[in-house]
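Peer 1: Okay, handing you the structure first.
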Amino acid sequence: MQLLENYALKSFNSFGIAVSAKYYCNISSNEALQEVLAWNKKQHHQILVLGGGSNILFTKNFEGLVLHNTLKGIELVRESEHYYYVRAMAGESWHEFVQYCVKQNYAGVENLILIPGNIGATPMQNIGAYGVEIKDVFYELEAVDIEAQSLVVFKKGDCNFGYRDSIFKQTLKNKFIITSVTYELPKLPKYNTSYGAIEMELEKQGVKELSIAAIAKAVIAIRQRKLPDPQQIGNAGSFFKNPVIPTEKYLQLKKPYPTLPGYADGASTKLPAGWLIEQCGWKGYRKEDAGCYALQALVLVNYGKATGEEIYNLSEKIIQTVQHKFEIVLEREVNIY
Ligand code: FAD
Ligand code: NAP
């Protein structure tokens, strides 16, 4: 176990916020994890498990212990008539895992290609894009209970998966360290191209026959056009969740705002938060180095030297103006520390 003090985290968070951790430990084995947890039992530092740092906004230095999960390994653990069961360790890159699945022709995750971050965080907010969520392919995960230092297996029913949500973002936040996730990947693909711009992109690329690889390629092209690359411009993807409101309220709002988009699911309707933010005039806004991305208002960006506090204050102003105009309170998707 190597503990580092006052360790810089700028390169470990995709917003590129210059903060440090009081203590930092790279966790590349289960033994190292057990050792540092045993040490901390006497120290009682607050623990933050860090993956790829792509869904985090640091507003100040972290005065506790950062455990940087870099556990590696991908393994086909079993096969049934219809599924492959693939276990990946928490420190593997999610995008590289999807690339591996595409190469092996394992279906189910192709719509989720190019989402930054690591395996361990995928169940945290039930990552999703283009009509697919991790819960659709989730089989089980292993996690270490920080207090008891024991390994616990969570099946799908234990995780309370919801829209960009799970039990690990709610009641079990900061209580477990996810060490591996096993995905149940169908042998027979069920392509999902109805969402967003996928069909248009496939047509543009001249795809005649659908395949896992063709969908992955289309999703990459769409995402690269629309989203800022954190290597170039600091960001954590969508800063806010898309609000889900009663359909009745949505129909009321359509009267003054006839172009308001909405995706109905029975009595509830999901609104694109980016549209609401754009209507409030924020799209393309920049004050010093904190801004709202010009191609997608849902993404807040750090053009270089913004502090986490500046980004947070901007998000606060956005919440207030959206609430004032639409009487809808946006909820942050990004984890604030
Ligand atoms: P981190 O940011 O490191 O951590 C996020 C949270 O999970 C923290 O609270 C952390 O403590 C906790 N955590 C991390 N690892 C573990 C672990 N092993 N055990 C317990 N807790 C843990 N998200 C989507 O859902 N869909 C998208 O399409 C999408 N697109 C994005 C595009 C861009 C350009 C960016 C920058 C982000 C995007 N995101 C998207 C958000 C982000 O990539 C995902 O939420 C991702 O899963 C975060 O993974 P991470 O490893 O970076 O997590
Ligand atoms: P988009 O295609 O411009 O659509 C805007 C929003 O409308 C999306 O967020 C999506 O909600 C919703 N939507 C679009 N088509 C829909 C349909 N057929 N049924 C139900 N809802 C629909 O979105 P985008 O910004 O380019 O993002 C594309 C996808 O990548 C989305 O799924 C988005 O969630 C995901 N993404 C997520 C992040 C993140 O950080 N969380 C960042 C970038 C992109 P949903 O968000 O519920 O899908």
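Peer 1: Mind telling me which of the residues Leu210, Leu295 ends up being surrounded by fewer than 14 Cβ atoms within 10 Å (Cβ to Cβ), of a type in the set (A, V, I, L, M, F, W, C) and more than 12 Å from ligand 1 (Cβ to nearest atom)?
Peer 2: Criteria check complete, one pass: Leu210.
Peer 1: While we're looking at this one, here's another question. For Leu33, state whether it is farther than 28 Å from Val301 by Cα, in contact with a Phe, Trp or Tyr (Cβ under 8 Å, 6 or more places away or on another chain) and more than 16 Å from ligand 2 (Cβ to nearest atom).
Peer 2: no
Peer 1: Does at least one position in region 52-62 carry a residue that is more than 16 Å from ligand 2 (Cβ to nearest atom), more than 16 Å from Lys156 (Cβ to Cβ), modelled with pLDDT of 95 or more and outside any loop (DSSP other than H, G, I, E, B)?
Peer 2: Scanning region 52-62 turns up at least one residue that is more than 16 Å from ligand 2 (Cβ to nearest atom), more than 16 Å from Lys156 (Cβ to Cβ), modelled with pLDDT of 95 or more and outside any loop (DSSP other than H, G, I, E, B).
Let's see how each residue does on (1) free of Cβ contacts under 8 Å to residues at least 40 places away in the same chain; (2) open to solvent by less than 20 Å² (accessible area, probe 1.4 Å):
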| position | (1), (2) |
| --- | --- |
| Ala129 | no, yes |
| Glu140 | no, no |
| Gln149 | no, no |
| Val152 | yes, no |
| Phe161 | yes, no |
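Peer 1: Considering only residues that are under 16 Å from the mean Cα position of the chain (by Cα) and among the acidic types (Asp, Glu), which ones fall in region 132-172?
Peer 2: Answer for region 132-172, where residues must be under 16 Å from the mean Cα position of the chain (by Cα) and among the acidic types (Asp, Glu): Glu133, Asp136, Asp165.
Quick grid of which residues meet (1) modelled with pLDDT of 95 or more; (2) farther than 20 Å from Pro116 by Cβ:
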| position | (1), (2) |
| --- | --- |
| Asn6 | yes, yes |
| Leu9 | yes, no |
| Gly16 | yes, no |
| Val19 | yes, no |
| Lys22 | yes, yes |
| Ile27 | yes, no |
| Val36 | yes, yes |
| Lys41 | no, yes |
| His45 | yes, yes |
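Peer 1: Kindly establish whether Tyr163 is of a type in the set (Ser, Thr, Tyr), modelled with pLDDT of 95 or more and more than 25 Å from Val66 (Cα to Cα).
Peer 2: Criteria not met by Tyr163.
Peer 1: Right, another one. Within the group Gly284, Gly291, Gly262, which residue is on the phi > 0 side of the Ramachandran plot and in contact with a strand residue (DSSP E or B) (Cβ under 7 Å, 6 or more places away or on another chain)?
Peer 2: Residue meeting the stated conditions: Gly284.
Peer 1: Here is a follow-up. Which ranges mark the strands (runs of 3 or more DSSP E) fully within region 1-50 that have 1 or more residues being over 12 Å from Ile177 (Cβ atoms)?
Peer 2: 3-8, 20-27
Peer 1: Identify, please: which residue in region 107-157 is assigned to a loop (DSSP other than H, G, I, E, B) and hydroxyl-bearing (Ser, Thr, Tyr) and is, among those, farthest from ligand 2 (Cβ to nearest atom)?
Peer 2: Ser150
The values are calculated or read from the model by the stated rules, or taken from the named source; none is laboratory data. All values reported here derive from a predicted model rather than from experimental measurement. Note: ideal-geometry Cβ built from the backbone for every residue, glycine included; neighbour counts use all protein chains shown. In case anyone asks, the SASA skips ligands and DNA or RNA and just uses the protein heavy atoms, side chains included. Shrake-Rupley method; radii C 1.70, N 1.55, O 1.52, S 1.80 Å.
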